[in-house]
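Peer 1: So that we are looking at the same thing, I have put the structure below in structure tokens.
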Protein chains: 2
Amino acid sequence: MSKFVARLAAVVLTVLLTPALRADEGMWLFTHPPQRLLRERYGFEPDAKWLERLQRASVRFNNGGSGSFVSPRGLVMTNHHVGLDCIQHLSTAEKDYVRDGFHARRLEEEKACPELELNVLISIEDVTARVQGAVKPEMGAEEAAKARRAAINEIEKESLEKTGLRSDVVTLYGGAWYHLYRSKRYTDVRLVFAPEKAIAFFGGDPDNFEYPRYNLDVTFFRVYENGRPVEPPAWLRLNPQGASEGELVFVSGHPGRTERLRTLEHLKFYRDFVYPALLDLLRRREVLLRTYSEKSAENARRALEELFGYQNSRKARLGILAGLQDPALMGRKAEREERLREAVRSKPELERNYGDAWRQVEASLEAHRKIYHEHFLLERGQAFNSRLFSIARHLVRLAEERRKPNAERLRDYGEAQLESLKQELFSEAPVYADLETVKLADSLSLLAERLGFDHEAVRLVLAGKSPAERAAELVGGTKLAEVGVRRALEAGGLEAIEASRDPMIELARAVDPLARRLRAAYERDVEEPQRQAYAKIAEVGFAAFGAHTYPDATFTLRLAFGVVKGYTEQGRPISWRTQIGGAFERAEAQGHREPFALPESWKKARQRLDLSVPFNFVSTPDIIGGNSGSPVVNRAGEVVGLIFDGNIHSLVLDLMYTDEQARAVSVHTAGILEALRKVYDAQGLVAELLGTKTR
Amino acid sequence: MSKFVARLAAVVLTVLLTPALRADEGMWLFTHPPQRLLRERYGFEPDAKWLERLQRASVRFNNGGSGSFVSPRGLVMTNHHVGLDCIQHLSTAEKDYVRDGFHARRLEEEKACPELELNVLISIEDVTARVQGAVKPEMGAEEAAKARRAAINEIEKESLEKTGLRSDVVTLYGGAWYHLYRSKRYTDVRLVFAPEKAIAFFGGDPDNFEYPRYNLDVTFFRVYENGRPVEPPAWLRLNPQGASEGELVFVSGHPGRTERLRTLEHLKFYRDFVYPALLDLLRRREVLLRTYSEKSAENARRALEELFGYQNSRKARLGILAGLQDPALMGRKAEREERLREAVRSKPELERNYGDAWRQVEASLEAHRKIYHEHFLLERGQAFNSRLFSIARHLVRLAEERRKPNAERLRDYGEAQLESLKQELFSEAPVYADLETVKLADSLSLLAERLGFDHEAVRLVLAGKSPAERAAELVGGTKLAEVGVRRALEAGGLEAIEASRDPMIELARAVDPLARRLRAAYERDVEEPQRQAYAKIAEVGFAAFGAHTYPDATFTLRLAFGVVKGYTEQGRPISWRTQIGGAFERAEAQGHREPFALPESWKKARQRLDLSVPFNFVSTPDIIGGNSGSPVVNRAGEVVGLIFDGNIHSLVLDLMYTDEQARAVSVHTAGILEALRKVYDAQGLVAELLGTKTR
């Protein structure tokens, strides 16, 4: 914990503020678990061993999901929609594992995923003092940001050199804490089992974020090292009975991002500016890919995973926006903020040191608004919605950054990040020229629409052509689809990049000075002031609300807890669990039309299946996007379920916890085992999961 | 022709400008047909009788399409997608004519369409002098607009009283000409035949605006008067051989709106501001209705026609935006405008009288930009995407406007407009509360997003609730779904409206003062200055480019001409026609998946059908949205095809004519007859169409 906090606590602890935590709230740090809460509410206190085992059995997927080791032979369980990326990359027009499912009955049949990297968190170190110490009071925002980045880059590099582990400095409480997370990296990850998408994502977009559900949203991978299944740092055993009603459960996973500590003005900025613009973009891309997909079955296959991503985000963001537009919810937020600000105002010393934090946030938002579109389009790359462009930019920047000392590099190109970057850069995952062209043309049009045809960047990028023409020329002309070409450019360094006549490299090069200027402006005028302001607000908050709290989610490992329990909707009770038979009933009620058509394998297995076995269930732990694939464990640390979604009421958890109706939605382990046994005849996999046999 | 033009012509006719018309360009007024062009290019000159017959056999649909009388017994042919509105209104969850098609084999089985009004243009009168004479040079914009509206309202009312015909004053050349169009109104329109949507719209959104096509996009209605089939003012006979390659053809229909006379700055305003915003809205509504539709088959049925409308507009607008973003196209436009402006600048007298027109347009655009969102949302009603709200607003405004003298009323509430308005208001077409709520919630959210929560209108409209909550309350509370309630409110006049506690009426009432202020601002600062400026530009244009031209489309009757002919795409020749067998081949190639699955009736008829019969064909006439359902006639005035689409290259016709690749797409009459005979066993209909029998 930072020294700052300790000092402050003495000053304001007398301020009486109601305890802030509601019911089963919290995405807790493994270093600061909610021991007292658990003891008082559930009479259960996990010990250090219990926590360490869960931590080390938990797996982070680099594409944004969670998972866990579930056997001593490196078997990893996650969601189908987390594995989808890889399943699609392994598929072709001839052999479509997304549609048909995949099952390797022997190790030799397991298929390596080209782009997947898994991380297991090994240790956590508080480096707040060193990071904050690098910033001197007299520094301006630009200098402060630079000094902090240098400190972080150095800490990460030192750690990597010392331990060989992936090392990431994580910003917590918006800048009040800095922790160094060391993770074991796994890059040889192979697909073991995936069901058909029709049952993994039964109900599709209409049922996404809804409940009751009937989804076998599960996929198994196996992690290898040196060509053999790895012995994981820890693993969790599947409990075949699975979750039962009223039971205390834990979720260990990587919630992506919450905004619970944001100020009211910051939320209004999201509500009135960021979210509407973002949703316009998500819908735009959804329609674009839908249109592309409808042209042929092969097009649909190519765009499937990306289209799902946009639909999923669209629905999630709409839910959050609905929360932001709800005066009741915003009122609660305002009230809480006002209490804190009142507490600050009431003490001159606090007012002097922390009183300007809210105004500082507002100023940063004004600055952000001014550069928002340019930054989003040119630096964040949304104007270039193309994998080939993203490769080109990485190559261009890597060549430049490498010539600098590590401490001065852009964060993504620090020594500690290079391995992961190269895995992405040299991935053999397929690139479809037609899809690239469609996407790039649309995003170049977006660039022109948002910035206007007279903007220097638009003129530079379009080079006198229409967006469609320019996109066709760029995708048609670049050779970056070939991994060999990328490797050669990477190996050739800055000279190779500067000499390259590849049109995509030329474009990335031409845009880079402007993009970097925008990045610098963003860091100086938005990120750094917010970091400083939120550090102050967090510190005041610690003192006011006590230390029994948790930071906003940052796609790092967290522990949530709660109970298995149904809820009430429009007066109707919603049961804690669905049963396998419900899938058949819903398919029937929907006339077996897409996306409610069950796969053949399920129709054939119907007679064999025990239709009363629990399929999906709901519970109250505080989870959010990024938790997909997280294990749900019981007091004994056994897996009783697999998180795959939250219901519609849970979408506001991004902003504020509630457990009246908000629920996490999981696949029940009994349902998983029943399906593996009777639909897929996967007896070997079942034996491995239950520990009755290892393959 | 206005006196202004004649005077001006003498001054600038000496300016040498190349003739402006390309190839088969032109959406010609029936009062000013392209006689010379036709004679010189095709050696054919339609006489007055030929033209009058075609004019009087042409039908305008009030929902935005075209059609023609094709039998002496009031039979009207149009597109399925023009009739879709009615076909859907007649359908229920139990009997779905959209999915299954409809065929009345006897007059008694023909079903009346609740909302349809057809108009046949009977006469045209030039009223330019009277309308322009009402505006005095000393009048400000507001006064000028008022005076002009008063003159128009009076002309329409006088004409209605004198002739009993629907009377509309049409603005041509952006305000240089005013013509009084008198039309016969038909409101008893009954559905006779519609094929299944699967073949009418075979290929769906992916094939929309594409070619080759295989669509039976045809529907037949019958017009009644006094309970009996009407004898139409004129009718066209179907030619069973249909169009042949290279043939000269004519299209008589109602192109909706072109922007060919707009200034370059005006087009840039569309490109950079209007179109991006409009497309965001179209995609938003598309995704909204798609999401709603996917929840159940019944939802899909309810939203089908509206969803199709958004998809169709989205694709069309994207095509136009692509044109606006094409430097080559905009360059041509700029060049042409520059030539005209140079001509003006070269003569001091012209410069004095007309030189400021372009600047005036720019000023109007600036004014429009400032009120754009407010006007669009509050006055154009896009914040209230709900049929119930639109009814409420009509009731509120009708009650107020009726108390004013006719000359002072808002245009839509003039005496001449009331009959049509009441038909819409008292329609028995079903209203679905769930769909209304979804749509209204989304548009209220849009209102808050665009104007901000602190805007007075947003506060007024949301009344302290979230958009979703407020929409549920409004739709749940209003009684306007009952036609009886609407009738009572209409009959009760302003007192009934002011006493009403119906929440939708209350909302419409509350918003109206602000909406009217926005309307006044729009008329004063945008519409009127543009009208004056474009009148000037048109007049200079007449003089410079000669009088052999045509005004921008205004959803009034026009004549286009061209030839039946294929084109070349990416080096491949595209045939002038497809054949019936092609539909089966395409369904097969697409794996019979939606929207490429043929209906059962077609699969069954396959053996009987002559697969070589022409199905769809392309030709060069200058058409655009609104021409849907237009007859394609030969020199003999016989119907040889039925317009239903334009190809993707034709979308830029909104801005500029081109016939390199742009083509109108039609159903071939031979294909229509083959399908009617062999798929639908519609021998009676065929006999009526060929004049071999009347029913």
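Bear in mind these aren't lab numbers, they're just calculated from the coordinates by the rules spelled out. For clarity, every value in this text was computed on a predicted model and none was experimentally measured. Cβ: placed from backbone, ideal geometry, glycine included. Neighbour counts: every protein chain shown.
Peer 1: Could you order the peptides A:526-532, A:630-636 from most to least packed, using the average number of other C-beta atoms within 10 Å per residue?
Peer 2: By packing density, highest mean first, the sequence is A:630-636, A:526-532.
Peer 1: Now a separate question. For segment B:89-170, would you read off the P(r) tail past 14 Å as a percentage of all alpha carbon pairs?
Peer 2: Tail fraction, whole percent: 75.
Peer 1: Mean shadow of segment B:154-216, computed from the convex hull of its alpha carbons, in nm²?
Peer 2: Value for segment B:154-216: 7.9 nm².
Peer 1: Same structure again: With the label 7 angstrom out along Cα to Cβ, how close does B:Pro348 come to the same site in each of the other copies, in nm, nearest first?
Peer 2: Label-point separations across copies, in nm and ascending: 7.8.
Peer 1: Starting from 0.36 nm per residue, how many nanometres of slack lie between A:Arg106 and A:Glu366 once their C-alpha separation is accounted for?
Peer 2: So the extension gain works out to 87.8 nm.
Peer 1: In vacuo Debye scattering of segment B:424-506, one point per C-alpha: log10 I(q)/I(0) at q = 0.27 Å⁻¹?
Peer 2: These q points yield log10 I(q)/I(0) values of -1.21.
Peer 1: Assign unit charges at the C-beta atoms only (+1 for Lys and Arg, -1 for Asp and Glu), then state the dipole size of segment B:356-479 relative to its Cα centre in Debye, rounded to the nearest 20.
Peer 2: Dipole about the Cα centre, nearest 20: 220 debye.
Peer 1: Something else: Quick one: with label points 7 Å out along Cα→Cβ, list the inter-copy distances for A:Ser123 in nm, shortest first?
Peer 2: 9.9
Peer 1: What is the Cα centroid distance between segment B:182-235 and segment B:91-144, reported in whole angstrom?
Peer 2: 15
Peer 1: Specify which residue in the list B:Asn406, B:Leu395, B:Gly381 is farthest towards the positive end of the charge dipole of segment B:355-414, using unit charges on the beta carbon of Lys, Arg (+1) and Asp, Glu (-1), about the Cα centre.
Peer 2: Final value for the positive-end residue is B:Leu395.
Peer 1: Run through all the Cα pairs of segment A:519-587 and give the fraction in each 10 Å bin from 0, expressed as whole percent.
Peer 2: Over segment A:519-587, the share of Cα pairs per 10 Å bin runs 13, 21, 23, 19, 16, 7 percent.
Peer 1: Take peptides A:420-430, A:466-476, A:439-449 and line them up by average Cβ neighbours within 10 Å, highest first, as a rough protection proxy.
Peer 2: A:439-449, A:466-476, A:420-430
Peer 1: Using alpha-carbon pairs under 8 Å, 6+ residues apart, how would you state the relative contact order of chain B in percent?
Peer 2: 26
Peer 1: Something else now. Determine the shape class of segment B:136-267: with a ≥ b ≥ c the square roots of the Cα gyration tensor eigenvalues, call it rounded for a/c under 1.5, and otherwise prolate if a/b is greater than b/c, oblate otherwise.
Peer 2: oblate
Peer 1: What ranking, highest mean first, results for peptides A:384-391, A:296-303 when packing means the other Cβ atoms within 10 Å averaged over each residue?
Peer 2: A:384-391, A:296-303
Peer 1: Translational D (Stokes-Einstein, µm²/s) of segment A:619-668 at 25 °C and 0.890 mPa s when Rh comes from the Kirkwood sum over C-alpha pairs?
Peer 2: 223
Peer 1: Output the relative contact order of segment B:585-695, whole-number percent, from Cα pairs under 8 angstrom with separation of 6+ residues.
Peer 2: Worked out over segment B:585-695, it gives 26 percent.
Peer 1: In nm, to one decimal, how far is the modelled label at B:Gln423 from the one at A:Ala496, with both set 7 Å along Cα→Cβ?
Peer 2: Result for the modelled spin labels: 7.2 nm.
Peer 1: If you put +1 on each Lys and Arg Cβ and -1 on each Asp and Glu Cβ, how big is the dipole of chain A around its Cα centre, in Debye rounded to 20?
Peer 2: 780
Peer 1: For segment A:558-690, report the % of Cα-Cα distances exceeding 18 Å.
Peer 2: Considering segment A:558-690, 60 percent of its Cα-Cα pairs are separated by more than 18 Å.
Peer 1: Here's another thing I want to ask about it. Ignore the peptide's own chain and count Cβ atoms of other chains within 10 Å of each Cβ in A:281-290; give me the average, rounded.
Peer 2: Across A:281-290, the average partner-chain Cβ count within 10 Å equals 5.
Peer 1: Only counting other Cβ atoms within 10 Å, I'd like A:Trp602, A:Trp576, A:Trp50 sorted with the fewest neighbours first.
Peer 2: The most exposed by this proxy come first: A:Trp50, A:Trp576, A:Trp602.
Peer 1: Rg/Rh for segment A:315-403 to two decimals, with Rh computed the Kirkwood way over all alpha-carbon pairs.
Peer 2: Ratio of gyration radius to Kirkwood radius: 1.18.
Peer 1: Now, a different point. From the square roots a ≥ b ≥ c of the eigenvalues of the alpha-carbon gyration tensor of segment B:15-151, which class results: rounded (a/c under 1.5), prolate (a/b over b/c), or oblate?
Peer 2: Oblate shape, in that a/c is at least 1.5 and b/c is the bigger or equal ratio.
Peer 1: Here's a follow-up. To the nearest 500 deg cm²/dmol, what mean residue ellipticity at 222 nm is calculated for chain A from DSSP H runs of n ≥ 4 alone, each contributing -39,500 (n - 2.57), summed and divided by the residues?
Peer 2: Calculated from helices alone, the mean residue ellipticity at 222 nm is -14500 deg cm²/dmol.
Peer 1: Can you list the lysines whose alpha carbon sits under 26 Å from that of A:Lys404, skipping same-chain ones fewer than 8 residues off?
Peer 2: Reachable lysines: A:Lys136, A:Lys146, A:Lys157, A:Lys162, A:Lys422.
Peer 1: Quantify how strongly other chains surround peptide B:317-324 by giving the mean number of their Cβ atoms within 10 Å of each of its Cβ atoms.
Peer 2: Mean shielding count: 2.
Peer 1: What whole number of Å gives the distance from the Cα centroid of segment B:425-497 to the Cα centroid of segment A:573-630?
Peer 2: Segment A:573-630 and segment B:425-497 have Cα centres separated by 37 Å.
Peer 1: Something else now. Specify which residue in the list A:Leu494, A:Leu557, A:Ala357 is farthest towards the positive end of the charge dipole of chain A, using unit charges on the beta carbon of Lys, Arg (+1) and Asp, Glu (-1), about the Cα centre.
Peer 2: A:Leu557
Peer 1: Give me the Kirkwood hydrodynamic radius of segment B:53-106 in Å, from all C-alpha pairs, to one decimal place?
Peer 2: 12.5
Peer 1: Continuing with this model, one more query. What number in nm² do you get for segment A:351-481 if you take the convex hull of its Cα atoms and divide its surface by four?
Peer 2: 11.0
Peer 1: According to a simple spin-label model (label point 7 Å from Cα along Cα-to-Cβ), what is the distance in nm between A:Arg411 and A:Ala334?
Peer 2: 3.3
Peer 1: Reachable aspartates and glutamates from A:Lys565, Cα under 16 Å, same-chain residues fewer than 8 places away excluded?
Peer 2: Result set, ordered by chain and number: A:Asp24, A:Glu25, A:Glu210, A:Glu245, A:Glu247, A:Asp622, A:Asp645, A:Asp659, A:Glu660.
Peer 1: Taking only the alpha carbons of chain A, what extent do you get along each of the three principal axes, in Å, biggest first?
Peer 2: Computed over chain A, the largest-to-smallest principal extents equal 73, 67, 50 Å.
Peer 1: Hey, another quick one. When you look at the Cβ of every residue in A:291-300, what mean number of other chain Cβ atoms sits within 10 Å?
Peer 2: 4
Peer 1: Calculate the dipole size of segment A:566-637 relative to its Cα centre from +1 charges on Lys and Arg beta carbons and -1 charges on Asp and Glu beta carbons; express the result in debye to the nearest 20.
Peer 2: Charge dipole, segment A:566-637, about its Cα centre: 220 debye, nearest 20.
Peer 1: What are the extents of the Cα atoms of the protein assembly as shown along their three principal axes, in Å, largest first?
Peer 2: 97, 73, 72
Peer 1: Still on this structure, I have one more. For segment B:368-418 and segment A:324-339, what is the separation of their C-alpha centers, rounded to whole Å?
Peer 2: 37
Peer 1: Among the lysines, select those whose C-alpha is under 20 Å from the C-alpha of A:Lys604, and discard any that sit fewer than 8 residues away in the same chain.
Peer 2: Hits, sequence-local ones excluded: A:Lys197, A:Lys678.
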